[in-house]
Each structure stands twice: as structure tokens, then as C-alpha cells.
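Contents: one structure, followed by commentary.
The values are calculated or read from the model by the stated rules, or taken from the named source; none is laboratory data. Please read these numbers as outputs of a predicted model, since none were measured by experiment. Note that we place each Cβ from the backbone using ideal geometry, even for glycine, and neighbour counts take in every protein chain shown. Just so you know, the surface numbers come from the protein's heavy atoms only, side chains and all, with ligands and any DNA or RNA stripped out. Shrake-Rupley method; radii C 1.70, N 1.55, O 1.52, S 1.80 Å.
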Amino acid sequence: MGNINFSYQLISIQQSNVCIVLSPEFQTMKKFLLILFVSCFCSLLGVAQQKYTISGHVKDAASGEDIIGASVFAVESKLSVAANIYGFYSLTLPEGKHTITVSNLGYNNFTQVIELNKNIVLDINLEIRSEQLKEVEITSEKSDANVKDIQMSVAKLDIKTIQKVPAFLGEVDLIKVIQLLPGVSTVGEGATGFNVRGGSIDQNLVLLDDAPVYNSSHLFGFFSVFNPDAVKDVKLYKGGIPSQFGGRLSSLLDVRLKDGNNKTYHAEGGIGLLFSRLSIEGPLVKNKSSFIVAGRRSYFDLFFPLSKNKDIRESKAYFYDLSVKLNYILNEKDRIYLSGYFGRDVFGAGNPEFGFDLGNATGTLRWNHIYNSKLFSNVSLIYSNYDYRIGVGDEFDGFNWKSNIINYIVKPEFTYYLNPKNTITFGGSATYYTFDPGKLLFYSKGEKREVGSEPKYALENALYVGNEQRITGRLSMQYGLRFSNFNYMGEGTAYYFRDTVPNVRKDTINSKTFNNFETITSYNNLEPRFSLKFEVTDQSSIKASYNRTTQNLHLISNAAASTPLDVWIPSTNNIKPQIADQVALGYFRNFREDNMYETSVEAYYKEMQNQVDYIDGADLLLNKLVEGDLMSGTGRAYGLELYVKKAKGDLTGWVSYTLSRSERKVNGINNNDWYPNRFDKVHNLNVVGMYTLNKRLEFGSTFVFGTGTPATFPTNRIEYQGYIIPHNISGSRNNARIPVYHRLDLSATLHLKDKRSGKYKHDLVVSVYNVYARRNPFSIYFRSNPENPQQTQAVQFSVVGNIIPSVAYNFKF
């Protein structure tokens with residue numbers, strides 16, 4: 001029979017006997033499962049009283065939307081549970097009479113007395129408060145979640161808050177608001193993505209209904225791809241990431257779309273200077289099925305034909321996106337969801353026509369199933385595609401350049417509510433990747449020639465288990481373990497390089513062709529996760545966390561900020577997976593009985609292995625031997641985050657300050673010493689304020705201040721035939737910083753009166769971006785002065801240097 005070898009390399013089956021050999025990773029996982037079992041078993045000891053379970057869904061009474069994080073509290077036993085992301089809850093209690101209270105900010109509390117002598121299914125509909133709160137809330141969770149929840153380094157943003165923060169050209173932007181939180185930054189205007197705790201933008205996992213989004217920005221970083229009218233929930237994890245999530249080092253941004261109103265039809269939208277948006281939602285089958293469709297399109301290109309300039313008349317520049325979601329309740333135990341996102345940026349000019357477009361497409365099919373009152377499952381089938389194309393001319397004379405990354409994902413997830421003190425999560429995922437790093441097709445008189453890198457393929461599998469455990473009334477833990485297997489495989493050619501002097505291009509010594517699905521190399525990694533919370537008082541707590549994360553995808557870019565031409569490649573026989581270990585410690589304190597003021601202090605330290613860097617003069621585009629231009633090093637990031645939020649009253653907002661460093665060390669760079677990353681910002685201060693003057697008029701403001709980002713400046717110059725050439729003789733990397741960044745934005749929202757119907761709401765938003773016209777430098781480069789070549793000239797490049805006023809009209813009915 002011979003040997004049968006599985007990709008996990010766990011089991012070997014021979015003809016004569018059966019021999020089970022566990023790898024070191026699985027031996028560790030076995031020990032963890034034993035610890036988990038013992039911990040859960042001990043929590044059950046001494047429990048003789050008969051117990052039953054109350055379970056169900058918490059929904060918005062007006063729309064039928066599931067309410068994420070609603071608190072279900074048993075008054076007599078003082079036990080509670082929070083509804084999961086699908087609004088499901090399960091609470092096991094002793095037999096007898098119980099008063100159940102369900103609460104969530106913005107809703108009236110629900111209270112019901114039940115006689116528990118069997119398992120009960122109780123679906124709860126919460127009514128929106130008839131008199132809406134004036135204050136802005138950064139989260140829709142309970143007001144003391146800052147202290148009581150076990151999670152740390154997590155921010156949950158309410159979409160109503162996001163809509164009140166002043167924005168560029170008056171367009172609400174989820175990503176821009178995230179950048180105002182502690183530990184989050186950006187290198188400047190026009191930069192796509194965001195940086196979290198010293199990580200690069202590719203180290204953030206951005207999910208839209210569980211589907212990875214590889215480019216989260218429109219128009220080169222000025223707007224996010226998320227339509228605020230379609231977004232239901234936003235959660236950013238900077239640390240303490242639960243074991244069910246993996247694949248990136250630094251953070252997780254989890255964005256959930258609305259399910260759609262299953263009671264009545266609604267529409268909302270807006271008209272701005274740059275683009276307009278519209279969303280429509282309503283029931284397909286009342287109380288059983290609903291939909292939402294939300295779209296946006298920019299329209300400044302519609303005015304191009306009016307220009308007297310021929311080049312402008314022949315140009316095109318616009319972006320659009322469409323978000324769609326359907327759901328259907330099959331029965332009391334089964335529900336399915338289907339959601340998708342489709343968006344592109346399109347640019348073109350000239351004759352022969354030059355064209356450039358890029359975009360994301362995602363799709364998610366999910367099935368919720370309730371096995372019993374304690375076991376909940378969700379199975380997802382996910383598709384994600386990011387691609388870009390550049391072309392000039394046609395297939396007779398011209399060229400066409402394209403690149404993409406495609407994911408096919410299967411993800412089963414389970415939650416088992418063992419008892420009020422233990423909630424166990426377990427599951428896995430399988431992701432099949434196809435990478436097209438870049439292909440260029442040349443056409444000359446109808447003849448075609450192709451250059452570039454060949455496609456790459458990989459399969460990533462993961463298993464996880466975790467438990468959230470309440471040890472005592474004040475002490476809680478969340479711990480878990482994730483195992484990942486990454487298999488880089490054919491069809492394709494693997495290249496092998498000769499070791500050489502650091503910071504010098506490596507020569508190939510061999511290459512080998514692999515068949516379809518044949519393993520080229522594989523990596524196994526264990527990722528332990530742990531969080532702890534101790535409540536010092538009812539209004540203060542201390543939290544600590546540790547997590548190890550692994551990343552097998554690498555964004556290849558040596559530009560100051562990510563560009564659409566950057567390419568994604570997998571871990572290969574030459575590129576090892578990135579690994580990060582982060583520890584964090586925090587103190588959380590609320591003030592006043594109504595928790596009006598929330599404060600927190602968090603310190604973190606993160607070490608990163610196998611960080612990708614580049615030799616001087618690296619050739620990264622359309623290079624099939626690009627791995628020979630890459631180097632590997634270590635990284636570290638550490639910092640202190642301060643956060644103060646006023647959550648209630650006419651004046652609300654927050655202040656966040658981050659003191660941090662992000663550094664890297666690579667042999668052959670910067671004389672083998674530590675140097676700051678391009679996105680290292682020592683000081684980062686954000687002040688956000690929102691003031692409600694009366695029922696019709698609201699004001700908003702943001703002030704941003706940040707240390708300038710590092711840059712490599714010349715240390716001397718070379719004179720050659722009368723010309724001056726800037727030069728860095730010391731070989732130092734990022735040896736200087738550009739000037740500090742600061743900006744003030746203001747906005748005013750006027751809620752317009754409407755005498756026709758109370759159901760129609762509309763408002764006018766006036767905003768001013770960069771109020772005092774600060775020309776913040778994005779980068780500085782050096783050249784010879786054109787008027788006097790003997791002089792070296794420093795040139796500052798600013799993306800925005802003027803006041804940008806805007807007005808937008810929003811409506812809802």
C-alpha cells in the first residue's frame with residue numbers, strides 16, 4: 001500500500017501497522033485542549049442543582065435587525081451574556097423564577113419574569129427610545145463596556161458617530177474616523193489604508209461581512225470603500241485578537257453590513273459636491289426576509305465634456321461601488337445571508353487612450369444554524385478579488401498590464417454556551433489563493449509579447465479553539481489557540497538563490513517546476529491568545545493581553561505609501577511567514593454614576609519576525625526573480641495610548657494621544673542598526689468634538705497633530721560636470737523627518753424642517769477641511785536648482801494645501 005502522507009504531516013499510515021505521529025505543534029495543541037477541558041470541568045464541580053437554558057435572538061422592533069452586543073441579564077443570579085454578531089444569546093440558569101432584563105444603548109430596556117423549568121426560546125424585540133438621546137456615542141454597547149468587557153485594545157464605532165465627524169468634501173468616511181483613535185495613524189493625505197501600533201498597512205485584516213478587502217480606499221486614499229448607509233457595525237481590534245481571527249499581524253477591522261429592514265421599506269442617501277449615494281432596504285417577505293441595496297458614484301467626470309481643453313474632454317475619472325445583502329429566515333433554527341460588494345476606480349485620458357482601473361469584488365454566503373439552546377453555528381462560503389489594469393492603445397498597437405489576488409474561503413464556526421461562566425468557540429477555515437503578481441502584454445502591429453511573473457498558488461488551513469471564562473465576579477479570562485498550515489504549491493516554478501552580501505541582489509542557482517497542487521514548501525504555526533480582566537471597582541479595571549499572530553501574505557512596495565501598483569505575493573521557499581508577539585497592559589476608568597466620562601491608558605510592546613525589506617535599487621514590478629531583491633529582518637513597536645471620551649450631554653467627543661515607536665533591523669541596511677519605519681510617528685494627538693446647540697443644529701470639529709514621518713535625506717553631494725547629485729554616504733536609512741503634520745476641520749449640520757411628513761428627514765451639512773490652509777508635507781526630495789545647478793534644492797510635495805469647503809444634502813424616508 002505504501003505511505004499516505006497528508007499535507008498536515010500529522011499521520012502516517014503503513015501497510016503493516018498504523019502509526020500516529022503528532023507534530024510538535026499538535027502536541028502543544030493537545031496540551032491546550034486538556035487544560036481547557038480541566039478548566040471547564042472544574043467550573044462544573046459542585047453544581048448539583050437542575051439548570052435550564054433560555055436562548056433566542058435580540059432584534060430591533062422597528063426594523064427586525066439583529067442587535068449586536070445587547071446585554072441579557074438575570075437579576076437574581078447576577079449572570080449575564082451578550083448577544084453575538086447575529087443577535088443570538090444563550091444563558092443557562094438554575095431552575096426557578098428569574099427576572100430577565102435586556103438592554104442596549106438607544107433602546108428601552110426589556111424586562112420579563114419567567115418561570116424556568118425547561119429550556120425556553122425567547123426572542124426579544126427592543127423598542128427604540130421615543131425620545132432619542134442627544135449625545136453622540138462611540139459605541140452602541142452598554143455604557144460601562146469600557147470597564148466590564150474582557151476585551152482590551154478594541155474600539156467599536158457607532159455609525160451615527162462616524163456620520164457626525166467632519167469629513168473631506170463632506171463625505172462620511174469610516175477609515176478617516178478610525179485614524180482618530182489611539183494607536184492608529186496614516187502617513188498623510190493621499191495614502192491608502194491605515195497603520196496600527198507600528199504595523200504596515202498590509203498587516204491589517206479588513207473584513208466586509210467576513211470577506212477580505214485588499215484595497216479599502218477610493219481615489220488613492222481620500223475616501224473609503226465602505227458606504228456608511230449600508231454599514232451596521234464597525235469593530236477594530238488592535239490587540240487581544242480572539243483565536244477565530246488570523247492572517248495578519250497588527251489588527252482586524254471587522255465591518256458588518258445591515259441586514260435590511262424586514263418590516264417596512266426605507267430609503268436614504270445624499271448629494272455632495274463629489275458624488276451621490278442612495279440605499280434602499282425593505283422586506284422581501286415581511287418578518288422573514290429582507291434586502292438592502294446601497295450604491296455610490298462620483299460625477300465630477302460628467303463635466304469634462306464642457307471643457308475647452310481637448311485632453312480634458314477625452315478624459316475620464318470616476319469611482320463607484322455597490323453593496324448588496326439579502327437574508328431569509330428558513331425556520332426557527334436556520335437562516336441564510338447573501339451579501340456582496342462591487343467597486344472600481346476608473347481613470348483614462350488621451351488618444352491613443354490611456355486607461356487605468358482597479359477595484360474589489362466580494363461575495364459571502366452564510367448559513368446560521370441553532371443545533372440546540374447551547375450550540376450555535378455559522379458556515380460561510382466567501383469570495384474576494386482585488387485587481388488592477390493599466391492599458392494604452394489596443395490589441396494592434398499598445399500594451400495591457402494587469403495584476404490580481406483572488407481568495408476562495410470556506411469557514412465553519414461554532415459557539416458552545418457551556419454555562420454562564422464559559423463560552424467556548426471553535427472552528428476552522430480553508431483559503432485557496434491565486435496570485436497574479438503582474439503580467440504585461442505588448443502589442444505591435446497585431447503581434448503579442450508577454451513579460452512578467454507567472455501566477456502563484458497557495459492553500460491556507462486553520463483550526464482554532466477558545467474560551468471566555470468568568471473565574472469570579474471580578475476576574476475573567478479569554479484564552480485560545482489557533483493552528484495554521486500554509487501550503488505554497490504549483491503549478492509554477494520555484495527559484496533558489498545563492499546567499500550573498502546583504503543589500504546586494506541574489507543570483508539564482510537553480511529552479512524547479514512543480515505540477516498543479518504539488519507542494520513547493522509549507523509552514524505550520526501555533527498562535528496562542530490570552531486576555532485577562534480584573535475589576536478593581538465597579539468603575540475601574542485592569543486588563544492584560546498577549547497574542548501571537550502569523551501572516552503568510554506580503555505586500556511588495558517600497559514607496560512612501562501604498563499605491564495601486566503594489567503586488568501581493570505568498571510566503572514561498574524564499575519568503576518566510578511574518579510572526580508577531582504582542583503584550584499589552586491597560587487601566588480603564590469611568591467617572592460619574594452615569595459613566596459620562598470614559599478613560600483608558602494602554603501600554604504595548606510588539607516584536608515582529610521575518611519582516612520584508614528591499615535592497616537599494618530593488619526591481620519590484622514585473623520581475624519574476626523579485627525574491628532575489630528582498631531581504632528579511634526583525635521589527636519592534638512599542639507605545640503608550642491615552643484615551644478620554646465624554647459620552648453624554650450636549651458636548652461630546654474624545655481626545656486620544658499616542659506616544660510610540662516603530663523600528664526595524666535588517667542586516668545590510670543602516671549599518672546593521674535599528675532604523676525607524678516609514679510610518680513611525682512618535683507623537684499623535686487627535687481631538688474630536690461634537691456639540692448639539694438645539695434639536696436642529698449640530699457642530700463638529702477635529703484637530704489632528706502628528707510627528708512628521710521618517711525619510712532618507714542626503715548627507716553630502718557629488719559634483720559631476722557642473723551638476724550636483726545629492727548623496728547619502730553613510731548609507732543610513734530614514735535618517736531625518738519631514739515637518740510635523742497638523743490640521744483643523746469644522747462642520748455644521750442643519751436638520752431641515754419638513755411639514756409634509758414626520759417620516760421624511762433631511763439635513764444640510766456644511767464642512768471645511770483644513771481650515772487654516774496648512775500645507776502639510778507628504779514627502780520631501782532633493783534636486784539641483786534648475787536656475788542654479790550648483791545649488792541643491794529641497795522640494796516639498798503636499799497633497800492638500802488649501803482650504804476645502806463643501807456642502808452636502810442628506811435625506812431619509
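Structure data summary
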| quantity | calculated |
| --- | --- |
| Eligible aspartates and glutamates near residue 402 by straight Cα distance, threshold 14 Å, same-chain separation 8 or greater | 357, 387, 436, 450, 454, 566 |
| Relative contact order, percent, the range 200-276 [alpha-carbon distance under 8 Å, six or more residues apart] | 36 percent |
| Projected area, mean over directions - the range 154-273, Cα convex hull, nm² | 8.2 nm² |
| The range 407-508 - percent relative contact order, Cα under 8 Å, separation 6 or more | 22 percent |
| Gap separating the Cα centres of the range 651-682 and the range 400-441, nearest whole Å | 30 Å |
| Nearby lysines by direct alpha-carbon distance to residue 97 (threshold 19 angstrom, same-chain neighbours under 8 apart not counted) | 51, 78, 118 |
| Cβ-based charge dipole, the chain, positive-most Cα from 520, 707, 720 | 707 |
| Under Karplus coefficients 6.51, -1.76 and 1.60, residue-wise ³J(HN,Hα) of the range 787-793 in Hz, glycine/proline x | 7, 9, x, 6, 9, 8, 10 |
| Relative contact order for the range 255-812, counting Cα pairs under 8 Å that sit 6 or more residues apart, in percent | 7 percent |
| Charge context of residue 530, other residues only, Cβ under 13 angstrom, K/R +1, D/E -1 | +2 |
| Sum of side-chain charges, residue 287 neighbourhood, beta-carbon under 15 Å (Lys, Arg +1; Asp, Glu -1) | -2 |
| Burial ranking of peptide ranges 239-246, 197-204, 101-108 (average Cβ count within 10 Å, highest at the top) | 197-204, 239-246, 101-108 |
| Fraction of alpha-carbon pairs over 55 Å apart in the chain - percent | 11 percent |
| Inter-part distance where the range 260-295 and the range 50-66 are each reduced to a Cα centre, Å | 24 Å |
| Positive-end extreme of charge dipole, the chain - chosen from 568, 336, 455 (charges on Cβ) | 336 |
| Formal net charge of residues neighbouring residue 811 (Cβ-Cβ distance under 12 Å; K, R +1; D, E -1) | 0 |
| For the range 572-603 and the range 158-205, distance of Cα centres in Å | 17 Å |
| Of 555, 433, 409, farthest towards positive along the dipole that unit charges on Lys, Arg, Asp, Glu beta carbons give the chain | 409 |
| Rounded to the nearest 20 debye, dipole of the chain from Cβ charges on Lys, Arg, Asp, Glu | 1240 debye |
| Protection proxy ranking of 507-516, 431-440, 490-499 - average other beta-carbon atoms within 10 Å, highest first | 431-440, 490-499, 507-516 |
| Per residue solvent-accessible surface (Å²) - the chain, probe of 1.4 Å | 44 Å² |
| Most to least packed among 663-671, 801-809 [average Cβ atoms within 10 Å] | 663-671, 801-809 |
